Amino acid sequence: MARTAQRARTVTLCLLCTLIVGGIMPDITVAARVLKQGMTGADVRELQERLGEWGYALQLDGKFGPLTVAAVKAFQKACQLKVDGIVGTQTWTELGKSPTVTHTVQRGDSLYVLARRYGVSIEAIMDANDLTDEIIIIGRQLTIPTRQVVTATGQSLAAEAPPEQVYQVRPGDSASVIARKFNTSVPALAEANRLSDPNRLRAGQKLIIPGWQGNMPRFVWPVRGRISSPYGWRVHPIYKNRQFHGGIDIVAPVGTSVRAAANGKVIRSGYMGAFGHGVVIDHGRGVTTWYGHNSRLLVKVGEKVRQGQIIARSGNTGVSTGPHVDFRIKVDGETVNPVHWLP
Ligand SMILES: [Zn+2]
């Protein structure tokens, strides 16, 4: 019995040698690496590592269990392969590609917007494209070093489908206005809503906003005045380096009434370093508003405030070059351009 097994092994080895010599080995290598549920070993571990590079976090246990199957299926779906959970030649080929995506710069894009959309840092995009400053020209193709599977419009497919919000089109809205409001793009909106012509929207129409998690209240201006420094990249007036300005600076004489932009609850009121005497109001659903550089604070943490209520007197405290209110809106901790959200 043992001898028979021995002989069978020898025959197999010889057959293998013949095939190697005959140049058929590459096919055998590929065939041997077809992986499916239930398998274990170094190949499965390698698969799990590759999937990890694409943003599918898996335990590297070398066991092709249900979680690995789910990740393979999600990957196959994202790559438009046959979704069977079996790792064959095509799936290996796709896994071997570098997880980057090419993005053609469109009107309204900025490195900040792209970094947010693709979930990578601004520095990573600058490095990948040898950019020396943040200026990007419309039409330029950028390599985005994403570690996630993304569609052509930048929607992440790696994690679960992004939370979506329905937005009702208002009179005067256009696709580009809505895209700018939500830090998304017109193609992304068109795809999410299967719009054949995104330039033809009607008031009242409901649109799904891809990736949007917040739910903005209607705001009023905290003070009226000239905007001395807009939202976005700027050379810092004091530090003289390039910084992202997460708010708008509204010029207001010291002592001007600063009003709550919407109903909410005060979650911070006090000295906030460079932001000076500041107030933060929580409006629910992940939305907060920030008011900086005040001279006096008139509300306390925990207090409920109504839209238009006076919460502070403006000033010039913290790092500031003149009397103004630094007004910010954040959604889930990230700033958005307040101008798009103010009447
Ligand atoms: Zn500011």
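No value in this document is a laboratory result; all are computed from the given coordinates. As the structure is a prediction and not an experimental result, all values here were calculated from the model. FYI the Cβ positions are ideal-geometry reconstructions off the backbone, even for glycines, and counts take in every protein chain you see.
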Item to complete: For every other residue with a beta carbon closer than 15 angstrom to the beta carbon of R140, add +1 if it is Lys or Arg and -1 if Asp or Glu, then tell me the sum.
Response: -3
Practice prompt. Count the net charge of all other residues whose Cβ sits under 9 Å from the Cβ of W290, scoring Lys and Arg as +1 and Asp and Glu as -1.
Written response: +2
Worksheet entry | Span from the the range 239-304 Cα centroid across to the the range 69-123 one, whole angstrom | 38
Discussion item. If I model a spin label as a point 7 Å beyond the Cα along the Cα-Cβ vector, how far apart are those points for N241 and Q307 in nm?
Written reply: 4.0
Fill in: Computed label-point distance, nm, for sites N129 and V220 using a 7 Å Cα→Cβ extension
4.1
Discussion item. Given a Förster distance of 56 Å, report the FRET efficiency between R45 and R140 from their Cβ-Cβ distance, rounded to the nearest 0.05.
Written reply: 0.90
Worksheet item: Which entries of K240/K304; K77/K206; K73/K206 show an alpha-carbon separation above 29 angstrom in the structure shown?
Response: K240/K304; K73/K206
Worksheet, complete the sentence: FRET efficiency for S174 and Q80 from the Cβ-Cβ distance with R0 = 25 Å, rounded to 0.05, comes out at 0.20
Fill in: Length added when fully stretched, T104-D282, from 0.36 nm per residue minus Cα-Cα
60.4 nm
Response to the item:
Cα extents of the range 44-97 along the principal axes, largest first, in whole Å, come to 26, 21, 18
Worksheet entry | Relative contact order %, the range 44-97, counting alpha carbon pairs below 8 Å whose residues are six or more apart | 29
Worksheet item: Counting pairs of alpha carbon atoms under 8 Å apart in space and at least six apart in sequence, what relative contact order in percent does the range 61-150 give?
Response: 30
